[in-house]
């Protein structure tokens with residue numbers, strides 16, 4: 001796979017997807033945000049590789065991610081979505 005999506009999650013307003021933003025399928029370093037109508041809303045480049053994401057309806061501004069950084073290993077990270 002050159003480009004595509006891996007992990008997905010959603011809340012009442014948005015669908016979040018980890019996007020492979022490179023020809024290297026291991027570069028899981030973008031988050032794409034879609035509305036339920038399928039229209040793209042935003043795309044964010046991150047400084048970490050993202051393997052899993054989760055969100056909750058009670059804190060819609062927070063996107064939780066299992067991330068990997070070669071120097072620090074795995075960690076749980078919170079991205080605040082605008």
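The values are calculated or read from the model by the stated rules, or taken from the named source; none is laboratory data. A quick note: this is a predicted structure, and the numbers were derived from the prediction, not measured. Here the Cβ is made from the backbone with ideal geometry for all residues, glycine too, and neighbour counts use every protein chain on show.
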Select from region 35-53 the residues that are part of a strand (DSSP E or B) and buried (at least 17 other Cβ atoms within 10 Å of the Cβ) and write down the one among them that is modelled with the highest pLDDT.
-> 53
Hits in region 43-64 (condition: touching a residue at least 40 places away in the same chain (Cβ under 8 Å) and either more than 9 Å from the chain's Cα centre (by Cα) or within 13 Å of residue 10 (Cα to Cα) (or both)) = 52, 53, 54, 55, 56, 57, 60, 63
Taking region 7-27, which residues are over 9 Å from the mean Cα position of the chain (by Cα), surrounded by 14 or more Cβ atoms within 10 Å (Cβ to Cβ) and over 15 Å from residue 62 (Cα atoms)?
-> 20, 21
